[in-house]
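Quick notes on the structure that follows.
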Number of protein chains: 2
Amino acid sequence: MVHDDLQPSPPAASDERPSDPRAGAFQGVREAHRNELAEDYVELIAELIHARGEARPVDIAAKMGVTPPSVAKTLDRLARDGLITRARYRSVFLTDAGRALAEECQRRHDIVLRFLLRLGLDAETAEHDAEGIEHHVSERTLALFAAFADRS
Amino acid sequence: MVHDDLQPSPPAASDERPSDPRAGAFQGVREAHRNELAEDYVELIAELIHARGEARPVDIAAKMGVTPPSVAKTLDRLARDGLITRARYRSVFLTDAGRALAEECQRRHDIVLRFLLRLGLDAETAEHDAEGIEHHVSERTLALFAAFADRS
DNA sequence: GACGATTATTAGCCTTGTCTAATATTTGGC
DNA sequence: GCCAAATATTAGACAAGGCTAATAATCGTC
Ligand SMILES: [Mn+2]
Ligand SMILES: [Mn+2]
Ligand SMILES: [Mn+2]
Ligand SMILES: [Mn+2]
């Protein structure tokens, strides 16, 4: 027996837990939530820079509905992750990676929003729901949303 | 000057931050995320009880894709919040409140899922996206989803 | 250019939600 | 009924993300 493996192990599957099919969906949601705050921040920062020429913590705090210290801590994480650059007491800038992410998020946000409006939702509810839904829409779903939003 | 108020304060608004209109959307998303895990758990517990007669931590862990200790800690919070009852080393039961929440979540999950399928999405992606989207769908949006899913 | 108001940061606290390692309990097979 | 395997719990670590209070820096105005 040259290489009698003896493991009746399930068909490989590197290092996951038993992984009920359902588990994959929940893991995907947790993954989305890990990226969510960064996505909303870079998107907002891009908008502030576009609208006012700069993104200041005080404005980020007002738009996000959190306190300035919460913004400071989050910005530190974004800088650590290479999405922004910042100097003490100065406004915030996007790195190339941050700008790329922001554009991707803006595109996705826009599609989801237009989709909800097209479905017949009022503007305020559409914006409210889009802010959460956008992070849980696969590329495949996004394509269907876009097609529906743009249908004649 | 009997009662010269001197506060040019904004039109009341109890105790919120300056609250850009946008901030409300983000606050709503944060609120949804605070309820999310409880919702997924009670929904899953209800399903396990229906399918197998009981909800055991080991099965919850497999379906959620997390470790048993994570389940244990979450179940403690659910018990603290009055959604389940449990005895050590025994399976888990829903309270009336937990059962009510589970039914509400099942209804919502089902509508979102049927909507995505109706839109043309494959089953696996639909289930994946629905697991996240369901927590960010207002009652108003849900009604539109249901109408679309059930349209002739 | 000094000074008060605004803005930013720091320090420190708290909860949630994940994990691993160790321990306790239950259960099924003999 | 015993014992090993399966299951559950506990202990403890850690990161994220929110907060308040205190401090530091900047800015606008005179
Ligand atoms: Mn968002
Ligand atoms: Mn879910
Ligand atoms: Mn669900
Ligand atoms: Mn979410």
**Prompt:** Could you work out the helix-only [θ] at 222 nm for chain A, with each DSSP H run of four or more residues adding -39,500 (n - 2.57) and the total divided by the number of residues, to the nearest 500 deg cm²/dmol?
**Reply:** -22000 deg cm²/dmol
**Prompt:** Comparing B:P69, B:P57, B:P21, which has the greatest mean-square fluctuation in the GNM of chain B with Cα pairs linked when under 10 Å apart?
**Reply:** B:P21
**Request:** Grab the beta carbon distance between B:H33 and A:R151, set R0 = 30 Å, and tell me the FRET efficiency rounded to 0.05.
**Result:** 0.40
**Item:** Inter-label distance, nm, simple model (7 Å from Cα along the C-beta direction), A:D81/A:D110
**Value:** 2.3 nm
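Show me the three semi-axes of the equivalent ellipsoid for chain A, from the C-alpha gyration tensor (sqrt of 5 times each eigenvalue), largest first, rounded to whole Å. Let's see the in-between values first.
On the way: eigenvalues 261, 123, 35 Å².
Output for chain A: semi-axes of 36, 25, 13 Å.
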**Prompt:** Separation between the B:S70 and A:T95 pseudo-spin-labels, each 7 Å from Cα along Cα→Cβ, expressed in nm?
**Reply:** 2.7 nm
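Enter the mean number of other protein chain beta carbons within 10 Å of the beta carbon of each residue in A:24-35, as an integer. Could you put the intermediate results ahead of the total?
Values: counts 5, 13, 10, 5, 6, 12, 5, 1, 3, 3, 0, 0.
That works out to 5 on average.
Expressed as a rounded percentage, what relative contact order does chain A have, with Cα pairs under 8 Å and six or more residues apart?
For chain A, the relative contact order is 20 percent.
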**Prompt:** Given label points at 7 Å from Cα along Cα→Cβ, what nm distances, shortest first, separate A:R34 from the same residue in every other copy?
**Reply:** 2.5
**Item:** Alpha-carbon centroids, region B:44-68 and region B:80-144: separation in whole Å
**Value:** 14 Å
**Request:** Name the long-range amide H neighbours of A:I84: under 5 Å, sequence gap of 5 or more, or other chain; modelled H, no Pro or chain starts.
**Result:** A:A79, A:T95
**Amide N proximity, region A:107-142 versus B:E139 label position 7 Å along Cα-to-Cβ, cut-off under 14 Å** = none
**At 7 Å out from Cα toward Cβ: B:T95 inter-copy label distances (nm, ascending)** = 4.6
**Prompt:** Name the chain A residue with the Cβ nearest the axis that maps A onto B: which is it, and what is the distance in angstrom?
**Reply:** A:I133, 3
**Asked** When the Karplus curve 6.51 cos²θ - 1.76 cosθ + 1.60 is applied with θ = phi - 60°, which whole-Hz ³J(HN,Hα) does each residue of region B:49-66 get, with x for Gly and Pro?
**Response** 4, 5, 7, 10, x, 7, 10, 9, x, 4, 6, 4, 4, 5, 6, 7, x, 10
**Prompt:** If we hang a label 7 Å off Cα along the beta carbon direction at A:A51, how far is it from the matching labels on the other copies, in nm, shortest first?
**Reply:** 4.5
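Which values, in whole Å and largest first, are the semi-axes of the equivalent ellipsoid of the protein assembly as shown obtained as the square root of 5 times each eigenvalue of the Cα gyration tensor?
On the way: eigenvalues 274, 126, 112 Å².
Output for the protein assembly as shown: semi-axes of 37, 25, 24 Å.
Let me confirm one metric for peptide B:117-124, namely the mean number of other chain beta-carbon atoms within 10 Å of its residues' beta-carbons. Mind dumping the intermediate values first?
Working: counts 0, 0, 6, 6, 5, 1, 0, 4.
Mean inter-chain Cβ contacts per residue within 10 Å come to 3.
Only the coordinates and a few stated rules stand behind these numbers; no lab work does. Remember, predicted model here, so these are calculated numbers, not experimental data. Cβ coordinates were reconstructed from backbone atoms using ideal geometry, including for glycine residues, and neighbour counts include every protein chain displayed.
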